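The values are calculated or read from the model by the stated rules, or taken from the named source; none is laboratory data. Since the structure is predicted, the reported quantities are computational estimates derived from the model, not experimental observations. Cβ sites come from the backbone with ideal geometry, for glycine too, and all protein chains shown count toward neighbours. Note: accessible area is taken over every heavy atom of the protein model, side chains too, but ligands, DNA and RNA are not part of it. Shrake-Rupley method; radii C 1.70, N 1.55, O 1.52, S 1.80 Å.
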Amino acid sequence: MSARISLTLLGLAALTGCKGDPKTTESAQTPNVKMEVPAEETANPQAEVSKGEMVDSREFCFVSKSAITIADSEGFNYNFLRFTVTDGDSAEGTFVSSPYGTDGSRGSFKGIYREDKNRLQTTITYLAEGERYEEQRDYTIGPDGIALIDESGKPVMKMPVVSCEQYDKEMKMYRQNILIKRVNTSDRTRLKQVKEVLEFGYTEEQLDNMRFMELQIDLDNNYQTEEYLLYIMDPMVCGSGGCNLLIIDDNGKTLSNTTVVKLPLYIPVSTVADMQNKGDWKPLFVWSQGYRKLTSDDGGYPYNASMAPEFSENELTGHPEKYQLVLDYLD
């Protein structure tokens, strides 16, 4: 099962724990695929991802992005991989494989970078189709990119090297495209019915101009109910430390109102096994003078996020098979 997923679903890909600056409040059809190739292999000056260099650096970044059309829908297949070499030849990194229209796969890895042999030997842990897997995987690295070594020993699914600055730009664009489709910033129906919002005495005009983000989400491992994250960005409820994050149930009742919250916001990823934990509320991970873990008490989260226990940023952003970004500022 894992071998099948690694070569068909995963491709060669990767995700980093890159984040924007949270300290600022702001039907099966054969697809028509257009692959983008490294600059030296084409005369097309409109390449989506610019090449980088692996010179005097112990951090390596790779991105592939290919346009795809399925029926009348257009999008991109994305692959990201980033790793850092420390303590001589020890390597660790993250990856994401995101074929257009699928959840794809994402995970982290540790291993050895054998620079003299241009090899990266890893043990990866990844999430695909709602399950976590672990397997050994080797890559070959050249001056212009990285390729997975298949079971026959041949390099496959080459990914161009890019500058890590370019990697960050492509990752931000990839994430923003996902969030824009999921996050409501215009339908104020629920916002105007929230008791805590109405108690502030806003006029209808003020509510019509209020900046907010709303996301439907499953927080209690119960797919028969719905919860909503409501993040309000208004001077009346925001301060230098952040804004208010409300948890609303599907009946419009406010379950939780947490202050001093900045984005991004992460939650644990959902797996098939989590379906057995119906009623267990997931923690939230937000920025409030550092990352904080907000633990729920039957839907209620701490009132002041800055007083919640700190949480390791490396653990949160370095394991995409465990944690998922669900809310962030939109450009």
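Miscellaneous remarks
- Peptides 287-295, 179-187, 265-273 ordered by average Cβ neighbours within 10 Å, highest first: 287-295, 265-273, 179-187
- Rolling a 1.4 Å probe over the protein heavy atoms leaves T317 with an accessible area of roughly 20 Å².
- ³J(HN,Hα), Karplus 6.51/-1.76/1.60, whole Hz, each residue of the stretch 200-208, x for Gly, Pro: 6, x, 5, 7, 4, 5, 5, 5, 5
- Distance from the stretch 58-120 to the stretch 167-243 (C-alpha centre basis), Å: 31 Å
- Label sites at S270 and T69, each approximated as a point 7 angstrom past Cα along Cα to Cβ, lie 3.4 nm apart.
- Förster radius 35 Å - calculated FRET efficiency between K172 and E115, Cβ distance, rounded to 0.05: 0.75
- Å² of accessible area per residue within the stretch 207-331, as computed with a 1.4 Å probe and no ligands counted: 43 Å²
- Exceeding the 21 Å Cα-Cα cut-off - candidates K262/K282; K192/K293; K65/K169: K192/K293
- The accessible area of M173, taken with all protein chains in place and a 1.4 Å probe, comes to roughly 90 Å².
- Packing-based ranking, highest mean first, of 308-315, 119-126, 153-160 given that Cβ atoms within 10 Å are counted: 119-126, 153-160, 308-315
- From largest to smallest, the equivalent ellipsoid semi-axes obtained for the stretch 229-331 from the alpha-carbon gyration tensor read 21, 18, 12 Å.
- On a per residue basis, the stretch 80-147 carries 44 Å² of accessible surface, using protein heavy atoms and a 1.4 Å probe.
- Scattering curve values for the stretch 86-146, log₁₀ I(q)/I(0), Debye with Cα scatterers, q = 0.13 Å⁻¹: -0.40
- Taking the square roots of 5 times each eigenvalue of the Cα gyration tensor of the stretch 65-171, largest first, gives ellipsoid semi-axes of 25, 16, 14 Å.
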